[in-house]
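Let me begin by presenting the structure, written as structure tokens, before commenting on it.
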């Protein structure tokens, strides 16, 4: 009898180990890039990687915009998007050689230059340019879409409904604009300068929460999302601790309805999701969902730890559903006449 129990325990353990190995392998397995072409732009008018399926034309193109971490995103997620039948540009706009060190006074014309470059590529369908942004990149994607009509769709992960300043890197109480247009600062919402000496993980959301009331007293800082020339997908987690993304996504939805937005839009809020809802890999993101509940950033030469929020299973579910909804949205763009 004891041998039978031992064998059952052993079998259960082996099944658990094999399942765990498969889950981890699916999450971190390398992507076969043999069917992709990759152009690295380093010394031109912008810094980017351009990835597209070889020997294909009339491709919808995704312009990917990262968040406050800066730099150039170079991971398998973007290659997987290309393998789904899209051209993808990963565009850096600060914290790369030749670019600003901080998210300050970034000319929006920089992004227009990248979009014009894409329009001229023979592989691209110029009528299917989609902006995909994460966090501050989501704010940027919505802002660019509201200004440049060549943008035909926006996917915004954990978005902001306001234009925000650089409120972290500054060393005094004078806020610095993140974006400029025609040489002038883009109007932004006033926010308290970041200051924390607690040596504890930080809920940056507490700095942004007041904008849900005060921000609408500064109408010029609200992104005019109703001017976007195509469909919009908003994805957020209700337990986001970086900023109140779900509440801001709901503000965006309300504005679209109020202004009679003529294109399709979807506002997906995951009740137990956090700030990290982006995923393209077809897997169960067990390891990353545990690891990415916090993020470390260096600000004014000091290291800080920020809470991203969400429960482990809430993050896993939001990422899996985020992938599904993203691919459905992109397929809709691809099939538009």
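The values are calculated or read from the model by the stated rules, or taken from the named source; none is laboratory data. Remember, it's a predicted structure, so these values are computed and weren't measured experimentally. Using ideal geometry, Cβ is built from the backbone for each residue, glycine included, and neighbour counts are taken over all protein chains shown.
Points to keep in mind about this one:
- Of all residues in segment 61-77, those satisfying the criterion of being more than 18 Å from residue 144 (Cα to Cα) and either modelled with pLDDT under 90 or buried (at least 23 other Cβ atoms within 10 Å of the Cβ) (or both) are 69, 73, 74, 75, 76, 77.
- Some residue of segment 211-233 being in contact with a helix residue (DSSP H, G or I) (Cβ under 9 Å, 6 or more places away or on another chain), under 19 Å from residue 308 (Cβ atoms) and part of a loop (DSSP other than H, G, I, E, B): no
- Of residues in segment 118-152 being assigned to a strand (DSSP E or B) and more than 14 Å from the chain's Cα centre (by Cα), the one surrounded by the most Cβ atoms within 10 Å (Cβ to Cβ): 129
- Filtered by the rule that a residue be part of a loop (DSSP other than H, G, I, E, B), under 19 Å from residue 37 (Cα atoms) and modelled with pLDDT of 95 or more, segment 78-117 gives a lone residue, 86.
- With respect to the conditions (1) in contact (Cβ under 8 Å) with a residue 60 or more places away in the chain; (2) within 21 Å of residue 69 (Cβ to Cβ); (3) in contact with a helix residue (DSSP H, G or I) (Cβ under 8 Å, 6 or more places away or on another chain), residue 274 lacks only one, and its number is (1).
- Among residues of segment 205-229 being touching a residue at least 60 places away in the same chain (Cβ under 8 Å) and crowded, with 22+ Cβ neighbours inside 10 Å, the one that is farthest from residue 331 (Cα to Cα) is 223.
- With respect to being more than 24 Å from residue 309 (Cα to Cα), over 21 Å from the mean Cα position of the chain (by Cα) and either surrounded by 16 or more Cβ atoms within 10 Å (Cβ to Cβ) or touching a residue at least 12 places away in the same chain (Cβ under 8 Å) (or both), residue 173 fits the description.
- The residue that is surrounded by the fewest Cβ atoms within 10 Å (Cβ to Cβ), counting only those in segment 43-55 that are assigned to a loop (DSSP other than H, G, I, E, B) and at pLDDT 95 or above, is 45.
- Within segment 57-80, residues that are at positive phi and in contact (Cβ under 8 Å) with a residue 60 or more places away in the chain have Cβ atoms under 6 Å from residues that are assigned to a loop (DSSP other than H, G, I, E, B) and crowded, with 23+ Cβ neighbours inside 10 Å in no pair, counting only partners at least 6 apart in sequence or on another chain.
- Total residues in segment 239-264, condition without any contact (Cβ under 8 Å) to a residue 40 or more places away in the chain and either in a helix (DSSP H, G or I) or surrounded by fewer than 19 Cβ atoms within 10 Å (Cβ to Cβ) (or both): 13
- Residue count for segment 194-210, restricted to those that are assigned to a loop (DSSP other than H, G, I, E, B) and farther than 16 Å from residue 163 by Cα: 10
- Test: residue 289 is modelled with pLDDT under 90, buried (at least 19 other Cβ atoms within 10 Å of the Cβ) and outside any loop (DSSP other than H, G, I, E, B): yes
- Among the residues of this structure, residue 302 does not count as one that is farther than 18 Å from residue 201 by Cβ, without any contact (Cβ under 8 Å) to a residue 12 or more places away in the chain and surrounded by fewer than 17 Cβ atoms within 10 Å (Cβ to Cβ).
- Residue check, residue 305 over 17 Å from the mean Cα position of the chain (by Cα), over 27 Å from residue 61 (Cα atoms) and at pLDDT below 95: yes
- Single unsatisfied condition, residue 196 versus (1) in contact (Cβ under 8 Å) with a residue 40 or more places away in the chain; (2) farther than 30 Å from residue 117 by Cβ; (3) crowded, with 22+ Cβ neighbours inside 10 Å: (3)
- Check on residue 91, closer than 18 Å to residue 45 by Cβ, in contact with a helix residue (DSSP H, G or I) (Cβ under 7 Å, 6 or more places away or on another chain) and crowded, with 21+ Cβ neighbours inside 10 Å: yes
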